[in-house]
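Asker: Sharing a structure with you now.
The values are calculated or read from the model by the stated rules, or taken from the named source; none is laboratory data. Treat the numbers as computed from the prediction; the structure is a model and nothing was measured. Cβ sites come from the backbone with ideal geometry, for glycine too, and all protein chains shown count toward neighbours. To get the accessible areas, we keep the full protein, side chains included, count just its heavy atoms, and leave off ligands, DNA and RNA. Shrake-Rupley method; radii C 1.70, N 1.55, O 1.52, S 1.80 Å.
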Amino acid sequence: MQTSGPPDSAALAVDSPASLERRLVAYVRAKIDQLLAIMGTAPLRTEELDDASLLEIDPIGIIAESVAQMIEHLHDIHDHLSLAHEELQAVFDATGAAIVVLDDQLRVHSCNRRAAETFALATGDVPLAFPFSAALAERLRQQEGLLEEPEYCHADQVFQLLVAPVRDRAGQCQLRVLAFNDITERRHNELMLQAAESRLSAIFNTLMAGILIIDPESHRIVDANPMAIRLIGDRRERIIGAVCHRYICPAQRGACPLTDLNQKLDNAERILIDAYGEHIPVLKTATLLELGGKQYILESFIDIRARKKAEDALRASEERYRALYAAMNEGLIVGELIRNAAGRAVDFVLHDVNPAACRILQYNAERLVGQRASSLYWQKEIPYLRLLEAVVADGVPRTQEISLRGRELHVSLTRPLPQRFAALLTDVTATRQAQRQIERLAYYDELTGLPNRVLIRDRLSQALAQARRQNGLVAVLAFDLDQFKKINDSLGNSSGDRLLVAVAERMTVRLRQGDSLARMGGDEFVIVLSGCVTQQDVISAAVKVLDLMAEPFQVDEHEIVCTASLGIALFPMDGSDGDSLLKNADTAMYQAKENGRNTYQFYMPEMNQRAFERLFLNSDLHRALDRGEFELYYQPQLRLSDGAVVGAEALLRWNHASKGQISPVLFIPLAEESDLILTIGHWVLEQACLAARRWYNAGYRQLRVAVNLSARQFTRSLPQTVAQVLRQTALPPELLELELTESLLMEKPEQVREVLEQLRELGTLTAIDDFGTGYSSLSYLKHFPLNRLKIDRSFVKDLTSDSDDAVIIEAIIALAHSLRLQVVAEGVETPAQLEFMRRHGCDDVQGYLLGRPMPADELMRFLQQRPMPTPV
Ligand SMILES: Nc1nc2c(ncn2[C@@H]2O[C@H](COP(=O)(O)O[C@H]3[C@@H](O)[C@H](n4cnc5c(=O)[nH]c(N)nc54)O[C@@H]3COP(=O)(O)O)[C@@H](O)[C@H]2O)c(=O)[nH]1
């Protein structure tokens with residue numbers, strides 16, 4: 001700008017007043033213009049202010065006025081600026097971003113409220129250091145221009161950062177504006193979305209169901225998961241873009257259930273046609289879904305081939321079981337308990353019954369299924385409810401025999417499902433009747449219905465056991481009819497039979513309850529009196545029997561007067577066991593006959609030679625072993641199926657120096673009265689095992705030896721003794737069979753079972769000798785680990801003449817086999833007996849017909865003449 005200076009004093013001194021005035025005017029005008037310029041006003045034109053007026057102007061006043069105007073103007077400007085600043089600050093604070101202005105030293109120049117809060121800046125104290133991350137500080141230092149930081153983290157917040165420089169006129173960056181946009185939530189949402197997407201894609205890729213995404217307009221497959229590709233069995237590139245009808249939806253164009261027919265498809269069974277044209281049954285669901293703003297069909301399907309196969313198998317098996325269920329002889333019912341509020345079973349309802357159950361229960365299925373038991377029974381209390389409750393409670397199967405509408409049923413109860421029970425009903429009426437018949441034949445006399453000799457022996461041994469405990473008396477009264485043979489001969493056998501029946505009836509009615517009457521065979525009867533018996537009771541009973549007999553019997557049109565002779569043996573005086581008491585009563589009865597009949601006779605020791613024999617035998621017996629007078633004989637046992645010798649029973653013989661060979665029947669009972677039987681028994685066991693080992697060495701590797709054991713040998717130490725002898729003799733344990741009597745099982749069942757278990761563990765065999773003479777029921781036998789039963793020879797003896805014996809043998813064989821026991825018949829003397837045994841499936845036989853007991857060397861010769869047994 002060009003400026004003009006005031007007229008100096010020298011110039012004033014030489015210039016004319018007019019020149020001076022011109023110069024003054026020019027000067028004033030220049031100054032006024034200068035002032036106006038400062039004030040932003042255009043210079044004064046001459047026509048606005050002429051020179052004369054100009055000189056009258058008071059410049060100081062004008063300046064003062066101008067300054068005053070300027071000041072006023074500046075005030076206005078300041079007010080505007082303050083307002084603008086306030087406005088700016090409000091905008092600054094109201095913006096969503098945190099804004100920080102940094103100076104050229106990167107210190108906070110200013111910031112808005114959000115920035116102050118976010119970065120904990122004290123706004124009053126600016127400039128202050130901004131808490132940058134070291135990396136950002138470095139970038140700011142290096143880059144002055146615009147800067148963008150997509151992700152800047154501070155504390156737990158994430159920001160998008162924009163940095164803009166503020167430059168001065170010279171282009172120098174004086175300030176930087178940092179705008180922090182909080183994207184924490186957005187980033188969090190993005191992360192969540194990403195995670196959800198990757199989860200979905202993992203599901204998509206690993207799902208066991210096939211998934212196809214299909215374009216609903218073109219029906220082309222746009223995506224397929226690995227399982228879909230696997231099931232279709234084609235390459236992914238061929239599947240993607242293919243029309244879905246080719247594989248998954250055989251419906252033709254225009255018939256798409258979802259897009260055309262508006263049908264929903266949810267877990268429907270459909271067919272998938274794979275790349276090879278195979279039809280795969282699948283379970284399919286199809287839905288429409290929106291992906292990225294466009295609609296797609298999502299088809300998901302699972303391969304149900306395995307399920308179908310299992311279902312088919314289940315159906316087939318169910319059909320099989322149904323058929324079986326319908327055809328089975330046993331009734332099957334399934335029911336459920338009905339309980340009261342306290343949880344106690346009060347009734348039951350039947351859910352299922354098979355035809356056999358309807359037959360057995362004599363109701364049709366409609367009457368049973370869905371019905372409550374209370375509607376079927378007339379009783380107030382439903383039978384067996386507690387039993388059913390127990391089975392349902394603990395699931396332990398139970399059996400029960402019940403009678404229902406005249407039938408005998410065996411019921412096996414189980415719990416097939418919680419709260420349910422199943423009952424298998426077997427109609428055992430016929431079996432039980434047969435069993436009762438067998439029992440009746442085995443233990444009762446068919447003619448009179450009285451107990452037979454088998455049963456009376458048992459009752460006698462029970463009575464003896466009780467008498468032993470109570471120091472009581474037992475009387476055995478044996479009687480037969482005098483002159484019965486004559487009656488038979490004159491009136492005929494059937495009248496004789498009717499007389500015997502009449503005798504039985506009269507005695508049964510008139511004898512005391514508790515006394516046992518039996519028919520022993522022919523016209524011979526036995527009465528056993530037990531329980532608080534005195535000698536006087538015995539006499540009274542004997543007299544009563546004779547009196548009863550003396551009364552005439554009416555048989556058909558005949559009145560028969562018939563007497564009896566009666567012998568009495570008392571326990572303990574006349575015998576310690578049943579057999580000797582029976583035998584002695586019999587002896588006394590013959591004495592009564594000799595005494596003139598129609599009388600009774602007590603047994604007396606001198607009646608029997610045996611007492612005398614016992615006397616001398618006893619002392620010699622003790623020395624017999626030392627003197628080497630004992631010898632074992634062996635009686636062969638043959639297998640009926642092939643006639644091979646499979647065993648030999650060791651039978652003791654006493655070769656007395658002066659009396660010759662003495663029967664074991666005589667000396668074994670004597671030895672049993674003392675410990676002598678243990679010494680003798682041990683010797684027998686040793687010798688028998690040694691002999692069997694010799695046979696074994698000679699090539700008879702299957703040949704077993706059977707050894708008789710006395711009851712007294714049967715102690716807890718027996719297994720140890722046997723084991724020791726087997727060791728000493730090196731005999732395989734399965735070649736030794738131990739024979740024990742039936743009565744032994746009855747007397748000490750627990751101890752015997754224990755010992756038998758140990759013997760079985762040892763490997764030896766056990767047989768029950770003289771089976772049928774005791775009273776062991778077969779159900780009782782099954783509690784013992786046994787291998788064989790030996791049918792007593794007394795049954796075999798008369799089997800061809802006595803039909804009872806034949807029936808008993810048949811029953812023994814059948815029932816023994818049902819218990820998986822082998823049967824050996826002893827005392828086989830005739831071909832008819834042998835044939836009978838063969839016909840009825842007896843396993844082995846022993847008897848004089850096949851070979852008498854013989855010394856060991858003789859047995860060896862016997863064996864050599866026969867074929868070597870082969871194992872079966
Ligand atoms: N504790 C022991 N008892 C023994 C021992 N040795 C024998 N005995 C028992 O003595 C009873 C009589 O024996 P035994 O006189 O030897 O008679 C046996 C056979 O000879 C005889 N038997 C064989 N077959 C027939 C036949 O066809 N008819 C017929 N009348 N008798 C025949 O049977 C007896 C075998 O009986 P079992 O033992 O019941 O098989 C006898 O009870 C022996 O047990 C011994 O060492 N210890």
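Asker: Looking only at the stretch 683-694, how many residues end up being surrounded by 19 or more Cβ atoms within 10 Å (Cβ to Cβ) and either modelled with pLDDT under 95 or farther than 13 Å from residue 860 by Cα (or both)?
Answerer: 5
Asker: So, residue 650, is that one more than 9 Å from the ligand (Cβ to nearest atom) and closer than 24 Å to residue 858 by Cβ or not? Before the answer, list the steps.
Answerer: Values: more than 9 Å from the ligand (Cβ to nearest atom): no; closer than 24 Å to residue 858 by Cβ: yes.
Criteria not met by residue 650.
Asker: Residue 155 - would you say it is in the same structural domain as residue 103 (by the TED database), under 17 Å from residue 106 (Cβ atoms) and of a type outside the set (Lys, Arg)?
Answerer: Values: in the same structural domain as residue 103 (by the TED database): yes; under 17 Å from residue 106 (Cβ atoms): no; of a type outside the set (Lys, Arg): yes.
Here the answer is no, as residue 155 does not meet what is asked.
Asker: Further question on the same structure: Out of all the residues in the stretch 311-333, is one or more in a helix (DSSP H, G or I), basic (Lys, Arg), at pLDDT 90 or above and open to solvent by 30 Å² or more (accessible area, probe 1.4 Å)? First the steps, then the outcome.
Answerer: To start, the set of residues in the stretch 311-333 that are in a helix (DSSP H, G or I) comprises 311-327.
Filter once more, keeping what is basic (Lys, Arg): 315, 320, 322.
Among the residues that remain, those that are also at pLDDT 90 or above are: 315.
Those still in the list that are open to solvent by 30 Å² or more (accessible area, probe 1.4 Å) too: 315.
Within the stretch 311-333 (the criterion being in a helix (DSSP H, G or I), basic (Lys, Arg), at pLDDT 90 or above and open to solvent by 30 Å² or more (accessible area, probe 1.4 Å)), the answer is yes, since at least one residue qualifies.
Asker: Please go through the stretch 670-682 and give me each residue that is open to solvent by 30 Å² or more (accessible area, probe 1.4 Å) and more than 9 Å from the ligand (Cβ to nearest atom), ordered by number.
Answerer: Start the filter on the stretch 670-682 by keeping residues that are open to solvent by 30 Å² or more (accessible area, probe 1.4 Å), which leaves 672-675, 678-679, 682.
Listed by number, the residues that qualify are 673, 674, 675, 678, 679, 682.
Asker: Has the stretch 550-568 got at least one residue that is free of Cβ contacts under 8 Å to residues at least 24 places away in the same chain, assigned by the TED database to the domain that holds residue 487 and among the charged types (D, E, K, R)?
Answerer: Within the stretch 550-568, the subset free of Cβ contacts under 8 Å to residues at least 24 places away in the same chain is 552, 557, 559, 561.
If we keep only those that are assigned by the TED database to the domain that holds residue 487 as well, we get 552, 557, 559, 561.
Applying the additional criterion that residues be among the charged types (D, E, K, R) yields 557, 559.
Yes - at least one qualifying residue is present in the stretch 550-568.
Asker: Follow-up. Residue check: is residue 700 aromatic (Phe, Trp, Tyr) and either away from the ligand (no atom under 14 Å from the Cβ) or not assigned by the TED database to the domain that holds residue 769 (or both)?
Answerer: On the way: aromatic (Phe, Trp, Tyr): yes; either away from the ligand (no atom under 14 Å from the Cβ) or not assigned by the TED database to the domain that holds residue 769 (or both): yes.
It is true that residue 700 is aromatic (Phe, Trp, Tyr) and either away from the ligand (no atom under 14 Å from the Cβ) or not assigned by the TED database to the domain that holds residue 769 (or both).
Asker: Something else now. With respect to residue 514, is the statement that it is on the phi > 0 side of the Ramachandran plot, at pLDDT below 95 and outside any helix (DSSP H, G or I) true?
Answerer: Details: on the phi > 0 side of the Ramachandran plot: yes; at pLDDT below 95: yes; outside any helix (DSSP H, G or I): yes.
Taking the combined requirement at face value, the residue satisfies it.
Asker: I would also like to ask the following. From the list 759, 786, which one is open to solvent by less than 50 Å² (accessible area, probe 1.4 Å) and not in a helix (DSSP H, G or I)? Step through it out loud before you land on a result.
Answerer: Numbers: 759 fails: not in a helix (DSSP H, G or I).
Answer to the check: 786.
Asker: Pairs needed: first member in the stretch 678-695, in the same structural domain as residue 721 (by the TED database); second member anywhere, of a type in the set (Lys, Arg) and at pLDDT below 95; C-beta distance under 7 Å; at least 6 residues apart or different chains.
Answerer: Qualifying pairs under 7 Å: 678/712.
Asker: How many residues are buried (at least 16 other Cβ atoms within 10 Å of the Cβ), away from the ligand (no atom under 16 Å from the Cβ) and among the aliphatic types (A, V, I, L, M) if we restrict to the stretch 716-754?
Answerer: Residues flagged as buried (at least 16 other Cβ atoms within 10 Å of the Cβ), away from the ligand (no atom under 16 Å from the Cβ) and among the aliphatic types (A, V, I, L, M) within the stretch 716-754 amount to 5.
Asker: Being at pLDDT 90 or above, of a type outside the set (A, V, I, L, M) and either exposed (fewer than 15 other Cβ atoms within 10 Å of the Cβ) or within 16 Å of the ligand (Cβ to nearest atom) (or both) is true for just one of 601, 609, 637. Which residue is that? Show your work before the answer.
Answerer: Numbers: 601 fails: either exposed (fewer than 15 other Cβ atoms within 10 Å of the Cβ) or within 16 Å of the ligand (Cβ to nearest atom) (or both); 609 fails: at pLDDT 90 or above.
Within the list 601, 609, 637, the selection yields 637.
Asker: Determine the pairs where a residue that is assigned by the TED database to the domain that holds residue 654, located within the stretch 829-856, has a partner that is within 10 Å of the ligand (Cβ to nearest atom) and of a type in the set (Phe, Trp, Tyr) with Cβ atoms under 8 Å apart, the partner being 6 or more residues away or on another chain.
Answerer: 829/848; 853/633; 854/633; 855/633
Asker: Show the residue pairs meeting these rules: Cβ distance below 9 Å; 6+ apart or different chains; first residue within the stretch 663-674 and in contact (Cβ under 8 Å) with a residue 24 or more places away in the chain; second residue in a helix (DSSP H, G or I) and small (Gly, Ala, Ser).
Answerer: Matching pairs, first to second residue: 667/624; 671/681; 672/711.
Asker: Quickly run through the stretch 266-277 and pick out the residues that are free of Cβ contacts under 8 Å to residues at least 24 places away in the same chain and over 15 Å from residue 210 (Cα atoms). Talk me through it step by step, then tell me what you get.
Answerer: Residues of the stretch 266-277 free of Cβ contacts under 8 Å to residues at least 24 places away in the same chain: 266-268, 271, 277.
Across the stretch 266-277, the qualifying residue is only 277.
Asker: Another question, then. Starting from residues that are within 16 Å of the ligand (Cβ to nearest atom) and hydrophobic (A, V, I, L, M, F, W, C), keep the ones in the stretch 778-815 and report whichever is nearest to residue 755 (Cα to Cα).
Answerer: Selected residue: 786.
Asker: Of everything in the stretch 704-724 that's part of a loop (DSSP other than H, G, I, E, B) and touching a Leu at 6+ places or on another chain (Cβ under 7 Å), which residue is nearest to residue 863 (Cα to Cα)? Let's see the steps before the verdict.
Answerer: We begin by selecting, within the stretch 704-724, every residue part of a loop (DSSP other than H, G, I, E, B); these are 709-710, 714-717.
With the extra rule that they be touching a Leu at 6+ places or on another chain (Cβ under 7 Å), the set shrinks to 709, 714.
Working: 709: 25, 714: 31 Å.
Across the stretch 704-724, the extreme among qualifying residues is 709.
Asker: Does residue 156 count as open to solvent by 20 Å² or more (accessible area, probe 1.4 Å) and under 60 Å from the mean Cα position of the chain (by Cα)? Break it down stepwise before answering.
Answerer: Numbers: open to solvent by 20 Å² or more (accessible area, probe 1.4 Å): yes; under 60 Å from the mean Cα position of the chain (by Cα): yes.
When the stated conditions are applied, residue 156 passes them.
Asker: So, one more: On the basis of being within 23 Å of residue 790 (Cβ to Cβ), outside any loop (DSSP other than H, G, I, E, B) and assigned by the TED database to the domain that holds residue 734, does residue 637 make the cut? Let's see the steps before the verdict.
Answerer: On the way: within 23 Å of residue 790 (Cβ to Cβ): yes; outside any loop (DSSP other than H, G, I, E, B): yes; assigned by the TED database to the domain that holds residue 734: yes.
Yes: the conditions hold for residue 637.
Asker: Also, I was wondering about something else. Has the stretch 112-122 got any residue that is open to solvent by 100 Å² or more (accessible area, probe 1.4 Å), out of contact with any strand residue (DSSP E or B) (no Cβ under 7 Å at 6 or more places or on another chain) and either modelled with pLDDT of 80 or more or aromatic (Phe, Trp, Tyr) (or both)? Walk me through how you get there before you give the answer.
Answerer: Filtering the stretch 112-122 down to residues open to solvent by 100 Å² or more (accessible area, probe 1.4 Å) leaves 113-114, 117.
Still in the list and also out of contact with any strand residue (DSSP E or B) (no Cβ under 7 Å at 6 or more places or on another chain): 113, 117.
Retained after the next criterion (residues that are either modelled with pLDDT of 80 or more or aromatic (Phe, Trp, Tyr) (or both)): 113, 117.
Taking every residue of the stretch 112-122 in turn, at least one turns out to be open to solvent by 100 Å² or more (accessible area, probe 1.4 Å), out of contact with any strand residue (DSSP E or B) (no Cβ under 7 Å at 6 or more places or on another chain) and either modelled with pLDDT of 80 or more or aromatic (Phe, Trp, Tyr) (or both).
Asker: Spot the failing condition for residue 101; the list is (1) modelled with pLDDT of 75 or more; (2) more than 30 Å from residue 179 (Cβ to Cβ); (3) surrounded by 10 or more Cβ atoms within 10 Å (Cβ to Cβ), and only one is missed.
Answerer: Failed condition: (2).
Asker: Here's something else I'd like to know. So which strands (runs of 3 or more DSSP E) stay within the stretch 363-474 end to end and still have 2 or more residues that are in contact (Cβ under 8 Å) with a residue 40 or more places away in the chain? It would help to see each step written out before you state the result.
Answerer: On the way: elements: 398-404, 407-414, 420-427.
Fully inside the stretch 363-474 and qualifying: 407-414, 420-427.
Asker: Just one of (1) modelled with pLDDT of 95 or more; (2) near the ligand (Cβ under 10 Å from one of its atoms); (3) of a type in the set (Asp, Glu) trips up residue 769, so point out which.
Answerer: Checking residue 769 against (1) modelled with pLDDT of 95 or more; (2) near the ligand (Cβ under 10 Å from one of its atoms); (3) of a type in the set (Asp, Glu), the one that fails is (1).
Asker: Being open to solvent by 60 Å² or more (accessible area, probe 1.4 Å), at pLDDT below 95 and polar (S, T, N, Q) is true for just one of 702, 713. Which residue is that? Steps first, please.
Answerer: Working: 713 fails: open to solvent by 60 Å² or more (accessible area, probe 1.4 Å).
Every option except 702 fails the conditions.
Asker: Right, next: Listed residues 277, 335; which is of a type outside the set (D, E, K, R) and on the phi > 0 side of the Ramachandran plot? Show your work before the answer.
Answerer: Details: 335 fails: on the phi > 0 side of the Ramachandran plot.
Checking each option against the conditions leaves just 277.
Asker: Go through (1) loosely packed, with under 11 Cβ neighbours inside 10 Å; (2) closer than 28 Å to residue 408 by Cα; (3) assigned by the TED database to the domain that holds residue 406 for residue 364 and report which single condition fails.
Answerer: Failing condition for residue 364: (1).
Asker: Got at least one residue in the stretch 375-389 being at pLDDT below 90 and of a type in the set (Gly, Ala, Ser)?
Answerer: yes
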